[in-house]
Amino acid sequence: MRNPFKRSLNVDPKMVLRERIAGIKAKASGLTAETSQGRRAMLAGSVAAAMPLPALAATVQASDRETEFLALAPKLLPLIRRVGPAQAEAHRLYSAGDAAAGDYPGWTREDTSAADAWSEKAKATRDANGYSEAWTSANQLCIALARLADPYINEPMQLLPGIMLKVALADLGEWWSESALADVSRLAAQHFGLPAPEPFFQELVEAGVEPDDEDEDTAAASAVPTIA
């Protein structure tokens, strides 16, 4: 799976992959992003209001794969707790470069000198304020998490802990929240005798880390805490 944080240090981190994928998914389904988000929230609220969770839990049983996924929680959770703050710190330092350079002057084909000077000033601030190190640290955490969790992205979860663990991985990308919602939608359909929902949009998510992450195996492994 493509790591949403793994990209060139010179690319604005505010242009996150999860937002682009949300737009693609909304367009593919004929919904605006706002409509899609509202529909998800309404669905989640309706299910929660209509049925006590213990009642649902009594009707389902974890698969072997879900049991494996839940067994990874002691390794996943320490990384999950670190990745959000690490990403936030990298974003803060990147934004500091923008602030130091002042208002972006824009550019034209005829004269890019002002825009180039602005970019150089922002980059100089980032080179000095530790942005590169912060970005690398956050990226290593993302890769370490993805290597552990990605094989389960398309695995249907039957129990609330498995679905919650998917949601907790949302810092890796919106597809984790979408996969969790697909699980809830499927369970609701089964419980209430409703038509089965469409499968999770797997074309946007391929289980496994992208090939160009392979050269970061050593760095990623060092980010995984040892569990006694």
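Values quoted throughout were computed directly from the atomic coordinates according to the rules given, and no laboratory measurement underlies them. Not measured: the values here are computed from a predicted model. Ideal geometry is used to build each Cβ from the backbone, glycine not excepted, and the neighbour counts take in all protein chains shown.
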Item to check | Estimated translational D of the range 99-180 in µm²/s (Stokes, Kirkwood radius over Cα pairs; 4 °C; 1.567 mPa s) | outcome: 81
Checklist entry - Say each of ALA99 and ALA115 gets a label point 7 Å from the Cα, pointing the same way as Cα to Cβ; how far apart are those two points in nm? => result 2.5
Next on the checklist: With +1 on the Cβ of every Lys and Arg and -1 on the Cβ of every Asp and Glu, and nothing else charged, how large is the dipole of the range 117-174 about its Cα centre, in debye rounded to the nearest 20?
Outcome noted: 100
Checklist entry - Pulled fully out, how much extra length does the chain show between THR67 and ASN129, if you take 0.36 nm times their separation in residues and subtract their Cα-Cα distance? => result 18.0 nm
Checklist entry - Residues with beta-carbon under 15 Å from that of PRO78, excluding PRO78: net charge, scoring Lys, Arg +1 and Asp, Glu -1? => result +3
Next on the checklist: Give me the extension gain from GLN190 to TRP107: residue separation times 0.36 nm, minus the current Cα-Cα distance, reported in nm with one decimal.
Outcome noted: 24.3 nm
Item to check | Low-density loop cleavage sites - chymotrypsin sites (Phe, Trp or Tyr not before Pro) in the range 64-137, where at most 14 other Cβ are within 10 Å (DSSP) | outcome: TRP107
Item to check | Counted charge near TRP118, where neighbours are those whose Cβ lies closer than 10 Å (Asp, Glu -1; Lys, Arg +1) | outcome: -2
Checklist entry - Are there GluC sites (Glu not before Pro) in the range 83-127 that DSSP puts in a loop and that have at most 10 other Cβ atoms within 10 Å, and which ones? => result GLU110
